[in-house]
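Report on one structure; see the data block that follows.
The values are calculated or read from the model by the stated rules, or taken from the named source; none is laboratory data. Every value quoted in this text rests on a predicted model; they were computed, and no experiment measured them. Heads up, the Cβs are rebuilt from the backbone with ideal geometry, glycines too, and the neighbour counts pull from every protein chain shown.
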């Protein structure tokens with residue numbers, strides 16, 4: 001089993017359903033810290049296609065992530081985040097000021 005799959009299995013087994021998506025340099029204990037790029041991440045992933053089962057995440061934090069997507073992708077990205085969140089769970093999504101955007105290369 002590759003490292004990514006091992007980490008996901010461990011995360012599921014430990015029932016730590018919190019994800020810090022697009023974490024950058026901000027890391028939290030007892031949370032799966034994820035981003036597309038960077039060092040010392042728990043998991044490297046694309047926020048458009050999360051490797052989690054439906055309804056498996058209790059808390060999803062995505063600070064300064066959504067502005068990296070074009071307006072045509074925004075609803076699909078939000079739908080993907082909603083897919084993995086448990087019923088009655090919580091998502092904390094924040095964006096930068098309107099003068100700053102940086103598209104993600106596909």
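Taken as a whole, the structure leaves residue 6 outside the set of residues that are at pLDDT below 90 and either within 20 Å of residue 64 (Cα to Cα) or surrounded by 11 or more Cβ atoms within 10 Å (Cβ to Cβ) (or both). Among the residues of region 71-90, the ones that are touching a helix residue (DSSP H, G or I) at 6+ places or on another chain (Cβ under 8 Å) and surrounded by fewer than 14 Cβ atoms within 10 Å (Cβ to Cβ) come to 1 in all.
When 25, 58 are checked against the criterion of being part of a loop (DSSP other than H, G, I, E, B) and at pLDDT 85 or above, a single residue qualifies: 25.
Among the residues of region 30-51 satisfying the criterion of being free of Cβ contacts under 8 Å to residues at least 40 places away in the same chain, touching a helix residue (DSSP H, G or I) at 6+ places or on another chain (Cβ under 8 Å) and assigned to a loop (DSSP other than H, G, I, E, B), which is surrounded by the most Cβ atoms within 10 Å (Cβ to Cβ)? Among them, the one singled out is 47. Note on region 13-22: among residues that are farther than 12 Å from residue 84 by Cβ and surrounded by 12 or more Cβ atoms within 10 Å (Cβ to Cβ), the one that is modelled with the lowest pLDDT is 16.
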